[in-house]
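The values are calculated or read from the model by the stated rules, or taken from the named source; none is laboratory data. What you are looking at is a predicted structure, and each value in this text was computed from that prediction instead of being measured. Neighbour counts are summed over all protein chains in view; Cβ atoms, including those assigned to glycine, are modelled from backbone coordinates with ideal geometry.
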Amino acid sequence: MNQEQTLFESYKKRPKLDEHYDVICVGSGLGSLCTASLLARNGKKVLICEKHYTPGGYTHVFTRNDYEWDVGLHYVGDMDRKGSALRIIFEYITDRNLKWEDMGEVYDRVILNGKTFEYLKGMSKWKERMKIYFPTEQDAIAIDKYVEILFAVNNAGKSFYMQKAMPKFVQFFTSPFLNKPYQKYYSQTTKEVLDSLSNNEELKAVLAAQFGDYGMPPSQSSFVIHAAVALHYMNGGFYPVGGSEEIFNTIMPSILKTGGKTIISAGVNEILVENGKAVGVLMADGKKITADIIVSGVGAHLTFEKLLNSENQKKIKFNKDLKDLPPSYGHFSLYIGLQHTATELNLPKANYWIYPNGNDHDAAVEKFMNNYNEEFPVVYISFPSAKNPKFNEKYPGRATIEIISVANYEWFKDWENSKWKKRGEDYDTFKEKIAQRLLAHLYQVEPQVEGKIDTYELSTPLSTKNFCSYQKGEIYGLTHSPKRFDSDYLQPKTPIKNLYLTGQDIVTVGIAGALMSGVLTTSAILGKNIMNDIIQHAKSESQ
């Protein structure tokens, strides 16, 4: 049986389950997958329970009318730098079977005030190009200082996240020292830091242009999340060869080797707790499965507010604080299919970040969130079929485009209890108006695609809630405000013995945050720094 057949047997054919596992992971997002793979490599038998009918969390793909789109992974940074933590972790958990396609010299194009600003691959090239766009001496000083601060934040963050995996008594003594350098930055908003560097509003708007990657405008986001994202992509953008589903496909074999499994359409109704200790899960179909360790990768809100019974919720002393920590924004995503190849249409690999309202990202977001008839504050356009060199092997003669913008969940309250694909004519009419407005922005930057679209479909925060269980349809989990980083309960170990968290809520948003959460959670479970094992393995492989 080849690897593809083994993967198919492992989850699509409803594999026979054991009554007990070493570990059960709730959710199959990247945090859970990374945790499961690392634990499997330490001899643990892991069961992954996924509510959706497709595994992979935000790394999964969906198909419609002979097209395929990714839903959450649009590009990843830092994949060609030898020794980068992200690269060596991926190589470790996939046995180097996951390959990455370089998006080229330009990975992001920012369109602002009728001008195009290109983000170039490589720190020196990026700085050089920014100084061409902003040639004054004051702007050059600001750009240099900005990059310097990005590195300072990155260095301070290593200790901050490392202590999350330490035992409680060690955290008590070390946290004040390990957290203080990072606290200096996380207590400031992105806007506050950028304002301290420059008075040039256009420069600051361009520097903050990737805020859609973490879902919050400059005055609301902690600067540390901005710094993490900006530095993450500074060495270019990369896309998984074969599409984002290859992340699941290349990680899962290591889990299978120790008897692990992934089951789909398998929602967990409750995490079972006896005598203060997590002992298993109650599935939506009423089946109970026990385990020594339970890992939840479905977010802090869902874990503590929905998956624990009322008695055990009372043991979570920080629940009130958690409820005061809101989710990030919802989003629209328009999935487009064309009966032409990316080459024929001359589609770029680089993404667009379009800002129709000019320099003030905060004002634009506020206006739109209060009234969806206002102009979009940001329009992000991605070309997955152009990024994926194997796309046309699977879907010959076709291409895909995705367009994303922010959305307010409150606009959809009237339909939140309706069923997917059966929400009614008013809902469909609303979606069509949004879709046409997004398409208009596409035609402005890539006019050759007008008249060539074969199919399109818009998803709303209700779609995200339906498939990923986030309560407000948020794609980025908890808000990345300064308060979030000051919440010391967002860590792998929970007040319930043998219940652990993983996923973006305990680190930061995105692929890098989810991947690192798996390392932290595994380290907390095993009581050792698992990153040391990964680094030693990388060194031995390079010899």
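When the residues of the range 209-223 are filtered to those that are hydrophobic (A, V, I, L, M, F, W, C) and at pLDDT 95 or above, the one that is nearest to Asn408 (Cα to Cα) is Ala209. For Leu515, the stated conditions hold: it is among the aliphatic types (A, V, I, L, M), surrounded by fewer than 24 Cβ atoms within 10 Å (Cβ to Cβ) and under 16 Å from the mean Cα position of the chain (by Cα). Can you work out which of the residues in the range 297-323 that are farther than 16 Å from Ser469 by Cβ, in contact (Cβ under 8 Å) with a residue 40 or more places away in the chain and over 22 Å from the mean Cα position of the chain (by Cα) is surrounded by the fewest Cβ atoms within 10 Å (Cβ to Cβ)? Here the answer is Lys317.
Looking across Phe238, Phe211, Phe248, one residue alone is under 22 Å from the mean Cα position of the chain (by Cα) and assigned to a strand (DSSP E or B). It is Phe238. Among the residues making up the range 85-117, those that are within 28 Å of Leu203 (Cβ to Cβ) and surrounded by fewer than 17 Cβ atoms within 10 Å (Cβ to Cβ) are Asp102, Gly104, Glu105, Asn113, Gly114, Lys115, Thr116. For the range 457-513, residues that are in a helix (DSSP H, G or I) and more than 14 Å from Gly29 (Cβ to Cβ) total 9.
Quick check on Arg81: is it in contact with a Phe, Trp or Tyr (Cβ under 9 Å, 6 or more places away or on another chain) and basic (Lys, Arg)? When the stated conditions are applied, Arg81 does not pass them. Against the test of being more than 22 Å from Ala156 (Cα to Cα), more than 17 Å from the chain's Cα centre (by Cα), of a type in the set (A, V, I, L, M, F, W, C) and surrounded by 21 or more Cβ atoms within 10 Å (Cβ to Cβ), the options Leu439, Leu499 yield a single qualifying residue, Leu499. Looking only at the range 429-459, residues that are over 18 Å from Phe383 (Cβ atoms) and among the aliphatic types (A, V, I, L, M) come to 1 in all.
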